[in-house]
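Bear in mind that the values in this text are calculations on the coordinates, not laboratory data. The shown structure was predicted, so the numbers you read here are calculated from the model rather than taken from an experiment. Positions of Cβ are generated from backbone atoms using ideal geometry, with glycine treated the same way; all protein chains shown enter the neighbour counts.
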Amino acid sequence: MLNTIKLSIFIAAMVFISGCSSDDQRNSISEQPSSSDTQIINEQADKAVSTGEPEIVADQLKMPWSIEKSGNVLYVTEMEGTILKIEDGAAERQVVELEHELMTTGRGGLLGLELAPDFTDSNLAYAYYSYESNNGQFYRIVRLRLEGNSWKEEQILLDDIPSGMYHHGGRVKIGPDGKLYATVGDIYVAEIAQDLNLLGGKILRMNPDGSIPDDNPFPDSYIFSYGHRNPQGIAWSTDGSLYESEHGNNANDEINLIEAGQNYGWPIIEGNEVQEGMVSPQFTSGSDETWAPSGIAYSNGKLYAAALSGSAVIEFDLNSGERREIVNGLGRIRDVLVENDILYFISSNTDGRGTPQTDDDKLYRISLTESK
């Protein structure tokens, strides 16, 4: 277990994007902590962003995966099994006590996190993690409780979801209907995405206690939609429409509009391909480009997607069908969160596939108003 570490504060003068680490003007810390667990926190993090360029909120994160926010407090999961809490310009790394040892190979581990709607009173959250036992490799969806400075696994919602080395899915989110949704990848076994008896390659839907909702599209099944390769992001628009981001096969990445019981085609169709009874995406990278989209967020008629291979945050206009990069040059981007026209996002350059920059990984924020 990692000891919880409270971190020092420093004043950030200016942060440049796209390869400007040598020009970083941040003031140095008067006493440099020796621990490798240290994060450098921008004490201006709760003030308005007005430059239109990303500001660093925290750095030296360890393979971060998911961002959550409650009031002025940010929580970031780290794949090796910790949660970073950032509040009032200070941060601490919190231990997560799970029943099983995490399986962190192949970019698995502690992945998605969703705070309960009443988190400020209940201290409850939902999480998705991968583990290995004598019976094999599995995913588990659980309820966590924050007690002091550590999180404890309190209730198993769904267990024994077959896992693999890659294509974990891993997102958990509570929808506007109050149900808990989770994305599960095809674990590099493409055909399971079409098998309604298996949970891989699916978006799942459950009650917050882990039971199957009566109005799910398939009787006595958690499956909400199927035919997915590696779904990593889900978000709802203000009209209740559900959108999903998905890694294609080398290219052909997708942003899908998800409807209950529908088949999204993998591995039979992908990208711009069409077949009766299968749903084609709202947006696709096509066969000549790759985004590897991960977390997504909705704001004002637009989706914002973290792009791993695309090394950007991509804005998708749901009305015009246009897309543009609003952030690039910071390497792999894993997750995004939007609140009050401020976009938070995390890099993922320490996950084994990136090229870490100075003090990676980092939690950033940018004004969507100023970035237009």
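Remark: C-alpha extents of region 195-335 on the principal axes read 46, 30, 27 Å, sorted largest to smallest. A simple count of charges around Asp195, restricted to other residues whose Cβ falls under 13 Å of its Cβ and scoring Lys, Arg +1 and Asp, Glu -1, yields -1.
Summarising the strand pairing of the chain, around 95 percent of its internal DSSP beta bridges are antiparallel. Projecting the alpha carbon convex hull of region 102-159 along each direction and taking the average yields 4.4 nm². Counting lysine pairs in the chain whose alpha carbons fall under 14 angstrom apart, excluding pairs fewer than 8 residues apart on the same chain, gives 7.
Summarising the overall dimensions of region 138-229 from its C-alpha atoms, the Rg and Dmax are 13.5, 44 angstrom. Quick one: Cα centre-to-centre distance for region 303-317 and region 124-159, in angstrom? Region 303-317 and region 124-159 have Cα centres separated by 29 Å. From its DSSP helices (H runs of at least four residues, each -39,500 (n - 2.57)), the chain gives a residue-normalised ellipticity at 222 nm of 0 deg cm²/dmol. Look at the alpha carbon pairs under 8 Å that are at least 6 residues apart: their mean separation over the length of region 68-334 gives a relative contact order of 9 percent. Note on the chain: Cα-Cα pairs beyond 38 Å make up 13% of the total pair count.
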